[in-house]
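All of the numbers you see were taken from the coordinates with simple rules; none came from a lab. Just so it is clear, the model here is predicted, and its values are computed rather than measured. Positions of Cβ are generated from backbone atoms using ideal geometry, with glycine treated the same way; all protein chains shown enter the neighbour counts.
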Amino acid sequence: TIGNNIIAFNDMMDGLNEFNRSKNVFFFGETRTRKIWLDYCINNSKYYLNKYHADIDFSRGCIVFILTTFEGLDGRYINSKTGILKLFYETIETLSSFNIPVLLKPHVHTDLDIVNKAIINNKNMHVTFIHPTILALKSKCFIANLNSTTFADAHSLGVPTIEYTDYPIHVLEATNKKSLSYEY
């Protein structure tokens with residue numbers, strides 16, 4: 001279960017911390033916050049946005065919708081009564097009323113047929129494969145239907161993150177009613 005996995009992870013981290021105290025271990029921080037990486041993204045963001053999304057007007061920013069897989073989540077990470085697809089379609093409907101570009105960033109396991117059918121009549125929504133740090137430089141906010149490691153990219157640049165989800169009770173109990181990645 002999720003609770004047992006969290007306990008096992010914490011035990012593993014305690015052991016790793018003890019090991020680190022007995023060795024010369026150096027922590028250099030997250031790659032996403034290193035100056036060299038941020039400078040690269042800032043200096044090249046215009047190039048990548050123009051190369052892959054020349055038809056989008058980013059002058060007022062954008063909203064980034066981080067996608068996940070649509071299979072295997074219901075009951076495990078998403079309330080079965082709601083379902084991940086329902087959350088996805090509700091989010092698409094809400095974002096379609098915004099008057100700035102919405103960039104949908106798929107996960108490697110996202111079914112793009114579902115995504116493309118959902119946005120086919122919305123000229124303001126675009127699928128993107130650009131790195132989240134570059135997207136965060138233009139974004140007003142990141143939104144997802146399940147926690148995402150890409151929220152750390154947004155968070156590190158001061159971009160608000162919104163998790164619109166419906167966790168089942170066993171996840172809420174294991175996380176003390178917080179997001180799986182509440183720090184972001």
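Applying a 10 Å radius around every beta-carbon, put 112-119, 140-147 in order of their mean neighbour count, most first. Mind dumping the intermediate values first?
On the way: 112-119: 13.9, 140-147: 21.1.
Those peptides, ordered most packed to least, come out 140-147, 112-119.
Provide the net charge surrounding Ile78, with neighbours chosen by a C-beta distance below 13 Å and charges set as Lys +1, Arg +1, Asp -1, Glu -1. Kindly include the intermediate steps, with their values, before the conclusion.
Working: positive: Arg76, Lys81, Lys86; negative: Glu71, Asp74, Glu90, Glu163, Asp166.
So the surrounding residues net to -2.
What number, rounded to the nearest 500 deg cm²/dmol, is the helix-based mean residue ellipticity at 222 nm of the chain, given -39500 (n - 2.57) per DSSP H run of at least four residues and division by all its residues? Spell out each step's value before the answer.
Details: 7 runs with 79 residues, N = 184.
Helices in the chain give a 222 nm mean residue ellipticity of -13000 deg cm²/dmol.
How far is the Cα center of region 48-77 from the Cα center of region 137-180, in Å?
Measuring centre to centre over Cα atoms gives 14 Å.
How many nm separate the modelled label positions at Arg76 and Tyr52, each set 7 Å beyond the Cα in the direction of the Cβ?
2.7
Loop only by DSSP, 13 or fewer other Cβ within 10 Å of the Cβ. Give me the trypsin sites (Lys or Arg not before Pro) in region 21-85 that pass, ordered by residue number. Display every interim value, and only then the final one.
Values: sites: Arg21, Lys23, Arg32, Arg34, Lys35, Lys46, Lys51, Arg60, Arg76, Lys81; in loops: Lys23, Arg34, Arg60, Arg76, Lys81.
Answer by residue number: Lys23, Arg34, Arg60, Arg76, Lys81.
Express the Stokes-Einstein translational diffusion coefficient of the chain in µm² s⁻¹, to the nearest whole number, given a Kirkwood radius over alpha-carbon pairs, 4 °C and a viscosity of 1.567 mPa s. List each step's numbers first, then the result.
Details: Rh = 18.2 Å.
Translational diffusion coefficient: 71 µm²/s.
Residues with beta-carbon under 14 Å from that of Ile42, excluding Ile42: net charge, scoring Lys, Arg +1 and Asp, Glu -1?
Details: positive: Arg32, Arg34, Lys35, Lys46, Lys138; negative: Asp39, Asp153.
Computed value for this residue: +3.
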